[in-house]
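Input: a single structure, listed below in structure tokens.
The values are calculated or read from the model by the stated rules, or taken from the named source; none is laboratory data. Since the model is a prediction, treat every value here as computed from it, not as a measurement. Every residue, glycine among them, receives a Cβ derived from its backbone with ideal geometry; neighbour counts consider all protein chains shown. Note: areas computed on protein heavy atoms with side chains; ligands, DNA, RNA excluded. Shrake-Rupley method; radii C 1.70, N 1.55, O 1.52, S 1.80 Å.
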Amino acid sequence: MFVLIVSFAFILPFALGSDAPCHNIGGTCQDDHLHCSGSYTSGLCSGGTHRRCCSSHTGNTTLLFIRTIQVTNKICIRGICFFAIVAVDIGGCTGVKIYSRDSWGARRPKSFSTFHTPASLFFVHHTAGNECHDFNSCASTLRGIQNYHMDTRGWSDIGYSFLVGQDGNIYEGRGWHHVGAHTQGYNSRGFAASFMGNFMTHLPNAASLTAVKHLIACGIQKGFVSHSYHLYGHRDVGTTECPGDRLYHEIQSWPHYSHTHP
Ligand SMILES: [Zn+2]
């Protein structure tokens, strides 16, 4: 087993419109990676970030953060294993980095429903759990949340569409393509971003607040969120303290915040 170190210059061809990088490692490019029988890797297929390279090998995801790239899935060909290095930012939007599910070591969902975009609603939550301030601790926190949602709550996947850390980065939960489990009664009409931490008595930092604003702008730009969307806090539509007193007060000054019940 060895680690294949590549440079940005080597990564570049992966994004230039050919599925060859995937085929070369014995994988197939699929529109929905959830049908992969083994692991999947981002950045090896042409045509957009939703197309991912499926490998028949089921391996443990290894996380090793190197600047803005990530060493993820172990891929084995005829018994020789190496690590694929892929770009992790699935967003392609300015001002925000969105770490893909495979970046943080997400489990595959037990099932999913396709979200019919554009969404007319966007909800802000907090996790009421631990804050995280760097990639590794955020990835670990995310895996814990996903385990809790799937194993304790019995859901098919982590509930939120996206999560944001105090590292100022967005993390893909169910993403733009799948219906979430975050805001009862509204899941098929809206996406949700959840701030990791408890924001009853203090605000999330500026970097994370800005990241979520950019995430929403990204969603609009890509057609996943309606231009005329309405923004809410979780407590606007449910009996909960979420997203925390301070964060709830903050989002009421954001564009598109709505005082009208959806
Ligand atoms: Zn909530």
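Before moving on, here are some points about what is shown:
- For the pair His23 and Ile77 in one chain, pulling the backbone fully straight at 0.36 nm per residue adds 18.3 nm over the alpha carbon distance.
- Glu131 accessible area, 1.4 Å probe, all protein chains in place, Å² to nearest 10: 60
- At R0 = 22 Å, FRET efficiency that the Cβ-Cβ distance of Ala217 and Ser258 yields, to 0.05: 0.80
- In sequence order, segment 145-152 has phi-based couplings of 5, 5, 4, 5, 5, 7, 8, 8 Hz under the Karplus curve 6.51 cos²θ - 1.76 cosθ + 1.60, θ = phi - 60°, and Gly or Pro positions carry x.
- Heavy-atom surface of segment 165-262, accessible at 1.4 Å and reported per residue (Å²): 41
- Each of the peptides 160-171, 184-195 was scored by the mean count of other Cβ atoms within 10 Å over its residues; in descending order, highest first, they stand as 160-171, 184-195.
- Whole-percent carbon and sulfur share, accessible surface of segment 119-251, 1.4 Å: 46
- With the charge dipole of segment 119-251 set up from +1 on Lys and Arg Cβ and -1 on Asp and Glu Cβ about the Cα centre, the Cα lying farthest toward the positive end among the listed residues Ser188, Phe162, Ser140 is that of Ser188.
- Cα coordinate range in segment 119-251, projected on the principal axes (Å, largest first): 34, 33, 30
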